[in-house]
Amino acid sequence: MKLTIAIIAALSVAGCTNNLEPADVGDAGTTAVAIGLGAVEVGGLGALPGGVVPLAALAGKNVIRTQIEEGNMSPEDARTATIAMDGFGWLGTCNNTAVILGIIGVINPLTVGQTLTVGVACALASVASAEVTDDD
């Protein structure tokens, strides 16, 4: 039940805005699933109760993306913020997916270092992709 509530809440918040990107929703959704399966948040929001983490993260990301969309940042700051948020979103999504796969037995459970390595690889791919897109 906890898992269902966390997923519904995270997706409901995500549906209330058009400013969120796939990395944002992926991170929040996989965080909700992982917490619902018994994982513990290790990111900066770890002190919050588990079910609040994905909601707080989505709210914060929405505020920043709204500032970017409304032109309240310089183009350079907006680009930097977008690349950072996308990179961290994909880091979280991939890390959380590795954690989930370990919990449900699809793969052997991984250490925090191993799951973060998977996440960092996704983040670097996201940043590299942004660099290529900007050069075109």
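Cβ under 15 Å from Ala28's Cβ, Ala28 left aside: what net charge do those residues give with Lys, Arg +1 and Asp, Glu -1?
Computed value for this residue: -3.
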Just to confirm the filter: which GluC sites (Glu not before Pro) across the range 62-136 are DSSP coil and have at most 14 other Cβ within 10 angstrom of their Cβ? Glu70
Fewest Cβ neighbours within 10 Å first, please rank Cys94, Cys122 accordingly. Cys122, Cys94
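At a 10 Å Cβ-Cβ cut-off, how would you order Leu58, Leu91, fewest neighbours first?
Fewest-to-most ranking of Leu58, Leu91: Leu91, Leu58.
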For the range 80-87, in residue order, the Karplus 3J(HN,Hα) values (coefficients 6.51, -1.76, 1.60; θ = phi - 60°; whole Hz; Gly and Pro = x) are 4, 5, 5, 4, 5, 5, 5, x
Under Karplus coefficients 6.51, -1.76 and 1.60, residue-wise ³J(HN,Hα) of the range 53-58 in Hz, glycine/proline x: 4, x, 5, 5, 5, 5
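Readers should treat all values here as calculations from the given coordinates under stated rules, not as data from a laboratory. All values reported here derive from a predicted model rather than from experimental measurement. When we count neighbours, we look across all protein chains shown, and the Cβ atoms used for this are built from the backbone with ideal geometry, even at glycine.
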